[in-house]
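The values are calculated or read from the model by the stated rules, or taken from the named source; none is laboratory data. Owing to the predicted nature of the structure, the values given are computational and were not obtained by experimental measurement. Glycine gets a Cβ as well: all are built from the backbone with ideal geometry, and neighbour counts include every protein chain shown.
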Amino acid sequence: MTVSDRVRRQIEKRDSHCWHCGATDNLVPHHRRNRGMGGSKLLDTPQNLLRVCNTYNGLMESDPVIATDAREFGHKLQSWRDISDPVFDQSELTWYKLTEDGDRVKTDAPSYLI
Ligand SMILES: [Zn+2]
């Protein structure tokens, strides 16, 4: 994990609990868009990182149903999706936009889900 201390502190402040289950323990940084082969540091940004519990982090990779949900909720982004696409907090039942400076702002559900 190569996330800088600064970005790590930003997302720790923003994400007090797992975006999936609301857990506050064993949280790890998860990349919405995979860094892929090159491992670009450009993707180690607050908009591309979510803190999720270790369990969910693993299930997004191993369970196809959970991976599909994770894409709908903006937890995972295919390469053509926009980094500014909103993210769903499943424990709060609220959509958020993530800002470049490490904040999150409530927003409406995205039109592609309506
Ligand atoms: Zn969780």
Taking the stretch 18-41 as the search range and keeping residues that are farther than 22 Å from residue 92 by Cβ and of a type in the set (Lys, Arg), which one is nearest to the chain's Cα centre (by Cα)?
-> 33
With (1) of a type in the set (Asp, Glu); (2) farther than 21 Å from residue 103 by Cα; (3) within 13 Å of the chain's Cα centre (by Cα) as the list, and residue 44 as the residue in question, which single condition is left unmet?
-> (2)
Residue 50 passes all but one of the listed conditions (1) under 17 Å from residue 71 (Cα atoms); (2) loosely packed, with under 14 Cβ neighbours inside 10 Å; (3) touching an Asp or Glu at 6+ places or on another chain (Cβ under 8 Å); the exception is number (2)
Take the stretch 55-114 and flag every residue that is over 23 Å from residue 16 (Cα atoms), at pLDDT 95 or above and of a type in the set (A, V, I, L, M).
-> 65
Residues that are within 16 Å of the ligand (Cβ to nearest atom) and either in a loop (DSSP other than H, G, I, E, B) or not small (Gly, Ala, Ser) (or both), drawn from the stretch 32-60 = 32, 49, 50, 51, 52, 53, 54, 55, 56, 57, 59, 60
Return yes when residue 15 is within 15 Å of residue 95 (Cα to Cα), surrounded by 12 or more Cβ atoms within 10 Å (Cβ to Cβ) and within 12 Å of the ligand (Cβ to nearest atom) and no when it is not.
-> yes
So residue 24, is it polar (S, T, N, Q) and more than 21 Å from residue 72 (Cα to Cα) = yes
Within the stretch 67-87, restricting to residues that are of a type in the set (A, V, I, L, M, F, W, C) and more than 14 Å from residue 50 (Cβ to Cβ), the one that is surrounded by the most Cβ atoms within 10 Å (Cβ to Cβ) is 67
